[in-house]
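One structure is given below, encoded as structure tokens.
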Amino acid sequence: MQISCQTLWLPKHGSSDEEYEDAYFPTDVENTDKRLFRCAVADGATETSFSGLWAQLLTKAYVYNDIDLNLLADTWKQQTTKADQPWYVEEKRASGAFAALVGLTLRASKDKRENSGTWEATAVGDSCLFQVRKKDLITCYPLDKWQQFNSSPQLLSSNTHNNSAELKAQLIETYEEEWRSGDVFYLMSDAIACWFLRRQSESDDAIEVISKTTTKESLTTLVDEERRHKDEEGRVWMRNDDVTLMRIKVTA
Amino acid sequence: MPYRAEISRTNPSLILLTIDQSGSMEDPFGEGPTGRSKADSLADAINRLLQNLVIKCTKSEGIRDYYHVGVIGYGEKGVGPAFIGSLAGKDVVSISEIGNNPARVENRMKKIDDGAGGILEQVVKFPVWFDPVAKGGTPLCAALQRAKTIVYNWLTKHPGCYPPIIINISDGEATDGDILPIAEELKDMSSEDGNALLFNLHLSSSKHPAVEFPENTAELPDNFAKLLFSASSTLPDSMWTMVQAEGFIASEHPRGFVFNADMVSVVRFLDIGTRPSNLR
């Protein structure tokens with residue numbers, strides 16, 4: 001199968017690029033022949049510290065098919081422990097970093113004449129996967145309605161005491177489906193995923209808008225506009241948060 | 001709809017604490033350990049509240065100034081800034097100044113779950129900004145008047161902010177008049193995002209069980225509690241949702257009022273971005 005993968009991202013308005021706490025892996029891939037392709041997006045929670053690092057560790061572990069939360073938590077601890085930190089940095093670090101994760105694995109068909117293959121996804125929290133075939137949104141995972149998003153999801157923590165058995169089970173569960181040549185997948189962090197579902201359900205043009213969003217400039221224009229755009233209840237269409245948009249095109 | 005403004009470093013909000021330092025605070029506190037006064041409980045409540053607010057605003061690189069905080073004491077010396085240590089004399093300071101300038105940091109023991117069904121004792125840092133004070137009368141009306149001035153000045157400079165939150169911690173026994181008219185004036189002040197919110201934490205010598213975020217006065221034991229309840233704002237919808245999510249049994253229109261309980265939960269209701277529901 002031929003894979004193209006492109007990621008566009010923006011920090012929260014008012015934050016610098018260094019303060020961006022989403023993560024994605026791998027970096028861009030263009031028209032490359034693969035038998036297996038794995039990619040992931042993670043979203044570090046605003047209210048926890050060192051969550052960008054935790055999000056990076058999770059995405060790489062997914063792509064390398066090696067998610068061991070205890071080992072990842074040890075790595076996170078080693079990289080964040082410093083002597084003589086102020087009391088508040090120590091306290092905050094002790095409660096752990098938190099992040100949502102969505103990962104996608106695409107597999108080529110064993111029969112090279114086939115025009116399709118299989119895919120599977122893993123998701124914990126509110127980062128989402130969308131599968132688009134021609135102009136139709138055919139899969140949304142794990143959330144499929146914009147009303148399901150809120151500011152307090154269950155997320156993977158670097159303090160392993162915070163990860164319930166139910167949460168760990170979500171890491172093992174996979175959603176499996178088929179891809180066909182020409183399908184496009186999107187992995188999105190929560191703010192843009194919520195906007196995408198709402199815009200699609202209310203204006204039916206989110207797929208068209210997002211398919212034209214192919215540069216950092218066009219993403220900036222879209223996000224700036226939607227962060228200002230308010231509904232009749234005074235809610236903005238896109239919450240001010242880090243934005244990550246990964247696009248994966250697959251052809252047989 | 002009000003109470004939707006984003007709280008950020010470019011659009012910070014104000015939290016103003018007014019704290020009772022009068023002689024009546026020397027009386028014993030509720031059902032707590034023998035020898036603990038209301039003033040001891042107040043000092044703990046305020047230190048814990050500030051500690052939690054600092055931690056909430058802490059990121060990898062340090063503290064982000066999502067909030068500015070003022071603490072006004074009222075008691076023997078009248079009404080004035082109540083910080084001690086290097087912040088003494090300051091009305092309103094940024095949350096990073098507070099985090100970096102406790103008067104001292106004590107080591108205290110905390111019981112934690114060992115993950116195997118047992119309890120461990122762990123040493124934790126406990127920053128202290130206030131020590132117990134209990135002298136003189138209770139000029140609560142004057143304190144609320146001072147709060148009005150501070151809130152007015154803040155709103156002039158930050159007209160689009162999330163509305164200021166005023167948390168009054170008191171035994172409710174004002175010695176300088178009726179607090180209700182001034183409380184109403186305070187709650188009538190507004191930013192473009194809504195009216196200022198006045199919450200009350202009532203510390204009492206009564207052994208009546210704790211009450212948190214009630215809708216009416218039915219469960220309250222005395223007139224002081226009922227008075228402070230009447231002076232308290234109804235929680236905005238967004239906070240009401242959090243009150244329910246945090247497991248408080250809250251009615252449809254709970255007030256920002258707690259009786260002999262902890263106001264630290266209010267810090268959890270402040271929305272500065274994604275807060276994982278499994279963050280302890």
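Summary table below
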{"item": "Normalised per residue, the volume of the convex hull around the Cα set of region A:64-111 (Å³)", "result": "84"}
{"item": "Burial ranking of peptide ranges A:37-44, A:2-9, A:204-211 (average Cβ count within 10 Å, highest at the top)", "result": "A:37-44, A:2-9, A:204-211"}
{"item": "For region A:4-129: Kirkwood Rh in Å [reciprocal of mean 1/r, alpha carbons]", "result": "16.2"}
{"item": "Debye intensity ratio I(q)/I(0), log10, chain B, q values 0.08, 0.10 Å⁻¹ (C-alpha model)", "result": "-0.31, -0.50"}
{"item": "Share of alpha-carbon pairs per 5 Å distance bin for region A:1-70, given as whole %", "result": "3, 16, 22, 22, 15, 12, 7, 2, 0"}
{"item": "Label-point separation in nm, A:Arg235 to B:Gln145, each point 7 Å along Cα→Cβ", "result": "4.4"}
{"item": "Computed label-point distance, nm, for sites B:Glu106 and A:Leu71 using a 7 Å Cα→Cβ extension", "result": "4.5"}
{"item": "Shape of region A:2-251, Cα gyration tensor, a/c cut at 1.5", "result": "oblate"}
{"item": "Number of partner chain Cβ atoms within 10 Å, mean per residue of A:38-47", "result": "3"}
{"item": "Average beta-carbon neighbours from other chains, 10 Å sphere, peptide B:51-64", "result": "6"}
{"item": "Within straight-line cross-link reach of B:Lys148, aspartates and glutamates at Cα separation under 16 Å, skipping those fewer than 8 residues along the same chain", "result": "B:Asp91, B:Asp178, B:Glu184, B:Glu185, B:Asp188"}
{"item": "Computed label-point distance, nm, for sites A:Asp84 and A:Asp205 using a 7 Å Cα→Cβ extension", "result": "5.9"}
{"item": "Charge sum, other residues only, whose C-beta stays under 14 Å from A:Ser218's C-beta, Lys/Arg counted +1 and Asp/Glu -1", "result": "-2"}
{"item": "Mean Kyte hydropathy of -0.5 or more with a Cα span along the axis of at least 24 Å, helices from DSSP in chain B", "result": "B:38-56, B:140-157"}
{"item": "Exposure proxy order (Cβ contacts within 10 Å, fewest to most) of A:Trp119, A:Trp54", "result": "A:Trp119, A:Trp54"}
{"item": "Residues B:Tyr74, A:Tyr175, sorted so that the one with the fewest Cβ neighbours within 10 Å comes first", "result": "A:Tyr175, B:Tyr74"}
{"item": "Debye intensity ratio I(q)/I(0), log10, the protein assembly as shown, q values 0.06, 0.08, 0.11 Å⁻¹ (C-alpha model)", "result": "-0.34, -0.57, -0.98"}
{"item": "Pairs from A:Lys168/A:Lys249; A:Lys92/B:Lys111; A:Lys12/A:Lys216 whose Cα-Cα separation, in the structure shown, is over 21 Å", "result": "A:Lys168/A:Lys249"}
{"item": "Charge tally in the Cβ shell below 13 Å around A:Lys77, where Lys, Arg are +1 and Asp, Glu are -1, A:Lys77 excluded", "result": "0"}
{"item": "Local electrostatic count, B:Glu212, Cβ distance below 11 Å [Lys/Arg +1, Asp/Glu -1]", "result": "-2"}
{"item": "Calculated log₁₀ intensity ratio I(q)/I(0) where the Debye formula runs over C-alpha points of region B:156-280, q = 0.15, 0.16, 0.20 Å⁻¹", "result": "-0.72, -0.81, -1.19"}
{"item": "Ranked A:Leu167, B:Leu140, B:Leu186, A:Leu222, criterion: other C-beta atoms within 10 Å, fewest first", "result": "A:Leu167, A:Leu222, B:Leu186, B:Leu140"}
{"item": "Members of B:Lys90/B:Lys135; B:Lys90/B:Lys226; B:Lys135/B:Lys157; A:Lys34/A:Lys60; A:Lys82/B:Lys59; B:Lys59/B:Lys187 lying beyond 24 Å, as alpha-carbon distances in this model show", "result": "B:Lys90/B:Lys226; B:Lys135/B:Lys157; B:Lys59/B:Lys187"}
{"item": "Mean Cβ neighbour count within 10 Å, used as a protection proxy, ranking A:104-111, A:71-78 highest first", "result": "A:104-111, A:71-78"}
{"item": "Number of partner chain Cβ atoms within 10 Å, mean per residue of A:74-86", "result": "1"}
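Values quoted throughout were computed directly from the atomic coordinates according to the rules given, and no laboratory measurement underlies them. Bear in mind that the values here come from a model prediction, so they are computed numbers and not experimental data. Quick reminder, even Gly has a Cβ in these numbers, built from the backbone with ideal geometry, and neighbours come from all protein chains shown.
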